Amino acid sequence: MLDRIFRRGSGRKRPDSAGGVDVKRCHEFPATGKPDIVAKDLVITKTDTPGQLPELETLLFGKTFADHMLTIRWKDGLGWTAPEITKLEHFGLHPAVQAVHYGMQCFEGMKCYKGEDGSVRLFRPDMNMARFGRSCERLALPSFDQAELLECIKKLVDLDQHWIPDKEGYSLYLRPTAMGTTPTLGIAPPSEAIIFCICCPVGPYFPSGLSPVSLFLSESVVRAWPNGVGAAKVGGNYAPTVAPQVAAKKSTGCAQVLYTFRGHGDGDENLFVSESGAMNVFFHFKKKDGGEELVTPPLDGTILPGVTRDSALTLVREWGEIEVNERPLTVKELMEAIKEERLLSVFGTGTACVLQPVNGMHRENGEILSIPFDASNENSLQMRLYKTLLAIQHGKEDHGDWSIKV
C-alpha cells in the first residue's frame with residue numbers, strides 16, 4: 001500500500017456520491033447516503049466584524065489571520081457534510097480526540113498571489129490536493145474529492161482576497177488541515193473527522209533579497225525512517241525537529257538542520273543526505289568529467305514530495321543546460337566535492353521560502369564546511385530559479401497550468 005500511496009503519487013478518484021448535506025443538518029449526519037464533498041452545496045456566512053490588512057512591513061509568518069475559515073465534517077457511514085465558510089473562530093473538541101493523543105492529523109501549505117493585472121492566482125494547487133489526499137490515506141483519514149475541496153478553497157480565497165497583499169513577494173498562505181476527531185482513547189481508524197482551512201497574509205521570506213543560511217548536518221538524529229511517514233505532510237514529522245533545531249542554533253548558530261540517514265556500515269560512504277526540517281535540499285556540482293549536475297535525494301518514502309521541489313526540477317530539466325538527477329547522495333561524495341572545489345551551490349526549496357541559499361554547514365565533529373554563494377551573481381542557477389518561480393507565481397510568466405486564477 002505504501003508504494004502505491006507515495007511512489008506513484010496518484011490522487012484518489014472521486015467515489016460515487018449521494019449529493020450534498022444541508023448545512024442545517026450538519027451535526028445530524030443523516031443516513032441518506034455517503035456524500036462526498038460537493039462545492040455547490042457550500043454555505044457562506046460572512047463575518048460581521050471584518051478586519052483589515054496590517055502594514056505589510058509588520059507581517060510575520062503565521063501570526064496574522066484572514067477573516068474566514070472553511071470547515072467540512074465527516075462521520076463514518078454517513079459521509080461529508082455540506083462545506084461551510086464562517087468567520088474565523090475556535091471550535092470545540094473533546095479532550096480525547098485522536099488528533100490530540102495519536103497525531104492523527106495532516107496538513108498542506110499553499111499560497112495565492114495577486115498579480116499586476118489584479119488577478120488572484122494559486123500556484124499548482126492540484127499537487128497540494130493530491131499530496132493532501134495521500135497524507136490522509138496514510139493516516140486512515142477519510143478520502144475526499146480533491147477537485148471539489150479545491151473549489152471550496154477558491155471560494156474562501158475569493159471571499160478574503162482583500163487580505164492578499166498587492167505587492168510582489170507577498171502572498172496569502174493557506175493551511176488546509178485534516179484531523180481525526182473521534183472522542184476515544186482507542187487506536188483505530190477515525191469514525192469522525194474534520195477538514196478545515198485557514199489563511200494568513202505573509203511577506204517575502206527575504207525582504208532585501210536572497211539571504212543564505214548555514215545548516216547543521218545531523219548525523220545522529222533521523223527525520224524519517226524507510227516505510228514510515230516521511231513522505232506524508234503530517235504534524236508528527238515536524239514537532240520532533242524543533243528540539244534538534246533549537247540545539248543546533250544554540251551550539252553552532254545554524255538556522256536549520258539538514259538530516260541524514262545511515263545505511264549499513266560506518267563511515268561517510270554509508271551516510272546519506274536526506275532533507276531539512278522544512279525544505280527539500282538541492283546540490284549543484286561540477287562533474288569530474290566535465291559539465292554540471294543538479295542533485296536532490298530521490299522520493300524513496302522518506303522525502304516529502306515538495307511542490308516547489310518538483311517545480312525546480314521541471315524548470316532545470318526544461319532549460320536543458322545541466323544534468324538533473326534524483327539520486328542518493330552520500331556525505332562522502334559531498335565532502336569530496338567540497339575538497340575538490342566542485343560544489344557550486346546548495347539550496348533548499350519550500351512553499352514558505354520558495355528558495356533558500358546555503359553558504360555553510362557544520363558537522364557534529366565541529367568541522368565547518370564553506371559553500372559558495374554570490375548574491376551579486378544574477379545568472380546563478382539558484383537566482384534564476386528563484387526569479388522564474390516568483391514570475392510564474394505572480395502571473396508575469398506563463399507555465400501551462402501552474403498558475404491558476406481564482
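The values are calculated or read from the model by the stated rules, or taken from the named source; none is laboratory data. The shown structure was predicted, so the numbers you read here are calculated from the model rather than taken from an experiment. Don't worry about glycine lacking a Cβ; one is built from the backbone with ideal geometry, like all the others, and counts go over all protein chains shown. SASA here: full protein model, heavy atoms, side chains in, ligands and nucleic acids out. Shrake-Rupley method; radii C 1.70, N 1.55, O 1.52, S 1.80 Å.
For the chain, the fraction of alpha-carbon pairs lying more than 41 Å apart is 16 percent, rounded to a whole number.
Placing GLU341, GLU336 in order of accessible area, with the largest value first and a 1.4 Å probe, yields GLU341, GLU336. Normalised by residue count, region 61-167 yields a Cα convex hull volume of 131 Å³ per residue. Considering only alpha-carbon pairs that sit under 8 angstrom and 6 or more positions apart, the relative contact order computed for region 226-294 is 18 percent.
Only four residue types carry charge here, +1 at the Cβ of Lys and Arg and -1 at the Cβ of Asp and Glu. Report the dipole size of the chain about the Cα centre in Debye, rounded to the nearest 20.
Roughly 720 debye for the chain.
Against the chain, whose longest principal axis is taken from its Cα atoms, helix 146-159 shows a tilt of about 80°. In the chain, a dipole from Cβ-located charges (positive for Lys and Arg, negative for Asp and Glu) runs towards its positive end, and of LEU60, ILE392, VAL242 it is VAL242 whose Cα lies farthest in that direction. What the Cα convex hull of region 313-355 gives, in volume per residue, is 103 Å³. Computed over the chain, the per-residue total of -39500 (n - 2.57) for DSSP H runs of n ≥ 4 gives a 222 nm mean residue ellipticity of -6000 deg cm²/dmol, rounded to 500. Three principal axis extents describe the C-alpha atoms of region 326-402; from largest down they are 46, 28, 21 Å. Three principal axis extents of region 266-406 based on alpha-carbon atoms, in descending order, are 51, 33, 27 Å.
For the chain, modelled as a GNM whose springs connect Cα atoms under 10 angstrom apart, the maximal fluctuation among LYS114, LYS63, LYS332 occurs at LYS63.
Rounded to the nearest angstrom and listed largest first, the equivalent-ellipsoid semi-axes of region 224-314 from its Cα gyration tensor are 23, 17, 15. Distance between the C-alpha centres of region 255-313 and region 164-186: 27 Å, rounded to the whole angstrom. Expressed as a whole percent, the accessible area of the chain that falls on carbon and sulfur atoms is 50 (1.4 Å probe).
Cβ-Cβ distance of ALA375 and THR45, R₀ of 45 Å, FRET efficiency by 1/(1 + (r/R0)^6): the value works out to about 0.40. Loop-located GluC sites (Glu not before Pro) in region 41-122 (DSSP state not H, G, I, E or B) with no more than 14 neighbouring Cβ atoms inside 10 Å: GLU55, GLU89, GLU116.
Taking the inverse of the mean 1/r over every pair of distinct Cα atoms in region 190-263 gives a Kirkwood hydrodynamic radius of 15.4 Å. Is any residue of region 33-56 close enough, with backbone N under 14 Å, to a label point placed 7 angstrom from the Cα of HIS162 along the Cα-Cβ axis, and if so, which? Of the residues in region 33-56, 46-54 have backbone N under 14 Å from the label point off HIS162. Positive end of the dipole of the chain (Cβ unit charges, origin at the Cα centre): among LEU217, GLY360, GLY79, the Cα lying farthest that way belongs to GLY79.
Accessible surface for the chain, divided over its residues, is 46 Å² per residue with a 1.4 Å probe.
Normalised by the number of residues in the chain, the average gap of Cα pairs under 8 Å and 6 or more apart makes the relative contact order 17 percent.
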